[in-house]
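Visitor: Mind having a look at this structure? Questions to follow.
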Amino acid sequence: MTDKHSFLAKLKEFEGREVGTQDGADEVNQAMIRHWVEAMGDQNPVYTEPDVAAKTVHGQVIAPAVMLQAWVMRGIAPRPSANPSAQDDLMALVESEGFTSVVATNCEQEYDRMLHLGDHLRNRTVIDSVSEEKATGLGVGHFITTRVEYETLDGEPVGRQMFRILKFRPGTGRQAAKAEPEQHDRPKRPRPAITLDNKFWFDAATEHRLVIQRCSGCGVLRHPPRPRCDKCGSYEWDAVEAGGRGTVYSFVVNHYPQVPAFDYPLAVGLIELEEGTRLVANIVGIEPADVTIGMSVEVEWVEHDPDLTLPAFHPAK
Ligand SMILES: [Zn+2]
């Protein structure tokens, strides 16, 4: 391999180089917009109903801003390879040093204006930046950012997209390093996302109390915790303590992928409490293969580590 310094210098020569331009196959059109919003589940009529759109600030139908990239996409046909672009040359160079794996990491778009039916776009792609060598969870690699400028065929800029990928050496990530000797150091169980809305539930668990949120307006119980009652709309609530008995409403037994904090096979149940609410919890004290739907279960408390106590359920005695 070449030394890192001269390799990076070679990579840096690509910054600012033009990759090429491409014209959209079609103008911005209602049919593509309709398919897009149907796929996304976006029912805003400004995208599809001219009468409604005419009364908005836009005065006419607009395309969803995030469709920007769609108007100049090549489609699934492979790119002609006769004349390699600067991007092809850059990829070949990084791969020659073993950075053969790729993952897209982020994509940012900026819009200069909304697009309307009949706009016809062209894009121009430039290699924006190539990072120095970085050690990431996936592996050692280089971040490559391409910038795609979008404009109309008349040359009016309408937006741009920064697209970043990581080209990394397979097998050099933290996961790979961990496979060696440090296995005695078992990682902690993933932390729950504790918010102002659910903190009371985890606090009660620390005290080995299984609680259920109750609407102060109509008295209905709800879980998981949330700020507002689905039934009456009240934001007022308190909590009641559950008896800790229930049945297995449903369950799965996980075998793979294996996260180091857990033992496998791992039985995870959807437990229906006698009070009527359901919660997700591990099923313990039984071979996972013997768990059945409808089985009666009781709560027990598992102190996973000093900061995390969670309920689990074992077969009722
Ligand atoms: Zn209510």
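Visitor: Mind listing whichever residues of segment 3-34 are in a loop (DSSP other than H, G, I, E, B) and hydrophobic (A, V, I, L, M, F, W, C)?
Guide: Those that are in a loop (DSSP other than H, G, I, E, B) and hydrophobic (A, V, I, L, M, F, W, C): 14, 25, 28.
Visitor: Something else about it: Just checking, does segment 201-212 include any residue being under 26 Å from the mean Cα position of the chain (by Cα) and polar (S, T, N, Q)?
Guide: Checked against the condition, which is being under 26 Å from the mean Cα position of the chain (by Cα) and polar (S, T, N, Q), segment 201-212 yields no hits at all.
Visitor: Residues to consider are 257, 311, 227; find the one that is closer than 30 Å to residue 186 by Cα and either part of a loop (DSSP other than H, G, I, E, B) or within 16 Å of the ligand (Cβ to nearest atom) (or both).
Guide: 257
Visitor: For residue 191, are the conditions met, namely being within 30 Å of residue 309 (Cα to Cα), within 16 Å of the ligand (Cβ to nearest atom), open to solvent by 20 Å² or more (accessible area, probe 1.4 Å) and touching a strand residue (DSSP E or B) at 6+ places or on another chain (Cβ under 9 Å)?
Guide: So residue 191 fails the test.
One line per residue, one yes/no per condition, for (1) small (Gly, Ala, Ser); (2) under 30 Å from residue 142 (Cα atoms):
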| site | (1), (2) |
| --- | --- |
| 19 | no, yes |
| 49 | no, no |
| 61 | no, no |
| 68 | no, yes |
| 77 | yes, yes |
| 96 | yes, yes |
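Visitor: A further question on this structure: Any chance segment 234-242 includes a residue that's away from the ligand (no atom under 16 Å from the Cβ) and open to solvent by 50 Å² or more (accessible area, probe 1.4 Å)?
Guide: Yes, some residue in segment 234-242 is away from the ligand (no atom under 16 Å from the Cβ) and open to solvent by 50 Å² or more (accessible area, probe 1.4 Å).
Visitor: On to the next question. Within segment 267-286, which residues are over 19 Å from residue 211 (Cα atoms) and either modelled with pLDDT under 95 or among the small types (Gly, Ala, Ser) (or both)?
Guide: Within segment 267-286, 267, 285 meet the criteria.
Visitor: Between residues in segment 249-263 that are at pLDDT below 90 and residues that are open to solvent by 80 Å² or more (accessible area, probe 1.4 Å), which pairs lie under 7 Å by C-beta distance while being six or more apart or on different chains?
Guide: The qualifying pairs are 260/186; 261/186; 261/188.
Visitor: Residue under question is residue 205, and the condition is that it be away from the ligand (no atom under 16 Å from the Cβ), of a type outside the set (S, T, N, Q) and touching a residue at least 40 places away in the same chain (Cβ under 8 Å); does it hold?
Guide: Judged against the criteria, residue 205 is a match.
Visitor: Okay, moving on. Residues that are open to solvent by 30 Å² or more (accessible area, probe 1.4 Å), of a type in the set (Gly, Ala, Ser) and out of contact with any helix residue (DSSP H, G or I) (no Cβ under 9 Å at 6 or more places or on another chain): does segment 298-316 have at least one?
Guide: Yes; the residues of segment 298-316 include at least one that is open to solvent by 30 Å² or more (accessible area, probe 1.4 Å), of a type in the set (Gly, Ala, Ser) and out of contact with any helix residue (DSSP H, G or I) (no Cβ under 9 Å at 6 or more places or on another chain).
Visitor: Among the numbered criteria (1) free of Cβ contacts under 8 Å to residues at least 12 places away in the same chain; (2) away from the ligand (no atom under 16 Å from the Cβ); (3) open to solvent by less than 60 Å² (accessible area, probe 1.4 Å); (4) more than 25 Å from residue 316 (Cβ to Cβ), which one does residue 219 miss?
Guide: With (1) free of Cβ contacts under 8 Å to residues at least 12 places away in the same chain; (2) away from the ligand (no atom under 16 Å from the Cβ); (3) open to solvent by less than 60 Å² (accessible area, probe 1.4 Å); (4) more than 25 Å from residue 316 (Cβ to Cβ) applied to residue 219, the lone miss is (2).
Visitor: Any residue in segment 130-145 that is farther than 18 Å from residue 90 by Cβ sitting within a Cβ distance under 7 Å of a residue that is open to solvent by less than 10 Å² (accessible area, probe 1.4 Å)? List the pairs, counting only those 6 or more apart or interchain.
Guide: Final answer for the pair search is 136/166; 136/173; 137/173; 138/166; 138/173; 139/173.
The values are calculated or read from the model by the stated rules, or taken from the named source; none is laboratory data. Being a predicted model, the structure only gives us computed values, none of them experimental. For neighbour counting, all protein chains shown are included, and Cβ atoms are generated from backbone atoms with ideal geometry for every residue, glycine included. Protein only, heavy atoms only, side chains kept; ligands, DNA and RNA dropped before computing areas. Shrake-Rupley method; radii C 1.70, N 1.55, O 1.52, S 1.80 Å.
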